[in-house]
Amino acid sequence: MSRCPRWEALDVLKAAPDGPVAFSADLGPASLLAAYHAGVYPFPASDEYTRALNEVVFADQVQEGRIPLVGEEPDDPFTVSWWSPDPRPVLPVSAAHLSRSLARRLRNGLSWSTSLNQEFERVVRACRGDRVPLWLTEELIATLVHLHELGHAHSVEVWEDGNLVGGVFGLRIGSVFSMDSMFFQRPGASKVAVSDLAARFAQAGGELLDAQRDSPHVRELGGIPMPREQYVRCLRRTPCDSLPMPTATLPARRLAEPAGSR
């Protein structure tokens, strides 16, 4: 069995490309932030069945030291698996874009606006919704809200006539923003949220949006696969012009304009 006392000691580059890279029950703010700095994100077990499945499938690899345990807590480590896919799906902020049809809808009068950090917990809970598996557990939500209060976690909201219709949230790690989840209640609202996040993050010196898990939705927005080694290098690079992201409520229509005119 292999145990890393801290996330900083985990060599994620030696881990499997398509399975859990570690197990740890610690979802506290310091642990979560350190894990994201290491290029790792959590997937808590939503119930006892999922937790037992983790143990059945991966216990041998844990015993053999191929999947390490992180931390020194006595809690059951199989309640939370931690992942770092290789390659990693990312969106360079300069390449994030809306589809032509959605841009046309915005130009033709779709009256949406966007904001930053106005309703962080509402966005997180809307992303949770009734999804299965329910990986956004109450413990993880509480940690994310705490990290938001400390200035590490952020949300973008999309509004229609005062109603929250879409959003995205995640953690900022230097020049990388790791997006945990997004939601929409109107078609295209989550894509507008990601495009708005890319624009605000670019103004703050950011370079990459990390989508964590690949999907056609991510590819439509401009996502590309990045080797994990390159992704980790980006995490470790300290941006020279890191600034706070703009917080003003803005018309979503601007996202349909040419980049130079925004």
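The values are calculated or read from the model by the stated rules, or taken from the named source; none is laboratory data. None of these values were measured; they are calculated from a predicted model. FYI the Cβ positions are ideal-geometry reconstructions off the backbone, even for glycines, and counts take in every protein chain you see. Heads up: the accessible areas ignore ligands, DNA and RNA and are worked out on the full protein's heavy atoms, side chains in. Shrake-Rupley method; radii C 1.70, N 1.55, O 1.52, S 1.80 Å.
The table below gives the values:
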read-out: Test: residue in the range 102-115 that is surrounded by 15 or more Cβ atoms within 10 Å (Cβ to Cβ) and within 17 Å of the chain's Cα centre (by Cα); value: no
read-out: Checking Ser94 against (1) within 27 Å of His148 (Cα to Cα); (2) touching a strand residue (DSSP E or B) at 6+ places or on another chain (Cβ under 8 Å), the condition it does not meet; value: (2)
read-out: Residue in the range 7-21 that is under 23 Å from Met179 (Cβ atoms), touching a Gly at 6+ places or on another chain (Cβ under 8 Å) and either in contact (Cβ under 8 Å) with a residue 24 or more places away in the chain or among the acidic types (Asp, Glu) (or both) present; value: yes
read-out: Residue list for the range 102-127, filter: assigned to a helix (DSSP H, G or I), small (Gly, Ala, Ser) and at pLDDT 95 or above; value: Ala126
read-out: Glu149 vs. criteria in contact with an Asp or Glu (Cβ under 7 Å, 6 or more places away or on another chain) and either open to solvent by less than 30 Å² (accessible area, probe 1.4 Å) or at pLDDT 95 or above (or both); value: no
read-out: Near pairs, Cβ below 8 angstrom, 6+ apart or cross-chain, from the range 72-98 (over 18 Å from Phe23 (Cα atoms)) to any residue that is surrounded by fewer than 23 Cβ atoms within 10 Å (Cβ to Cβ) and of a type in the set (S, T, N, Q); value: Arg88/Gln212; Pro89/Gln212; Pro89/Ser215
read-out: Per-region count, the range 1-22, residues more than 25 Å from Met226 (Cβ to Cβ) and crowded, with 19+ Cβ neighbours inside 10 Å; value: 0
read-out: Residue in the range 191-250 that is most open to solvent (accessible area, probe 1.4 Å), counting only those that are out of contact with any strand residue (DSSP E or B) (no Cβ under 7 Å at 6 or more places or on another chain), among the aliphatic types (A, V, I, L, M) and farther than 28 Å from Asp11 by Cβ; value: Leu243
read-out: Scan of the range 34-69 for residues that are out of contact with any Leu (no Cβ under 9 Å at 6 or more places or on another chain) and assigned to a loop (DSSP other than H, G, I, E, B), ordered by number; value: Glu64, Gly65, Arg66, Ile67
read-out: The range 70-98, subset assigned to a strand (DSSP E or B) and open to solvent by less than 10 Å² (accessible area, probe 1.4 Å), residue farthest from Val12 (Cα to Cα); value: Leu91
read-out: Any chance Gly71 is over 20 Å from the mean Cα position of the chain (by Cα) and over 26 Å from Ala142 (Cβ atoms); value: no
read-out: Which listed residue is in contact with an Asp or Glu (Cβ under 6 Å, 6 or more places away or on another chain) and closer than 24 Å to Arg254 by Cβ, from Gly109, Gly162, Gly188, Gly167; value: Gly167
read-out: Test for Leu255: is it within 20 Å of Leu98 (Cβ to Cβ) and assigned to a helix (DSSP H, G or I); value: yes
read-out: Some residue of the range 188-203 being of a type in the set (Ser, Thr, Tyr) and closer than 20 Å to Trp112 by Cα; value: yes
read-out: Of the criteria (1) of a type in the set (Asp, Glu); (2) surrounded by 13 or more Cβ atoms within 10 Å (Cβ to Cβ); (3) modelled with pLDDT of 95 or more, which one Asp60 fails; value: (2)
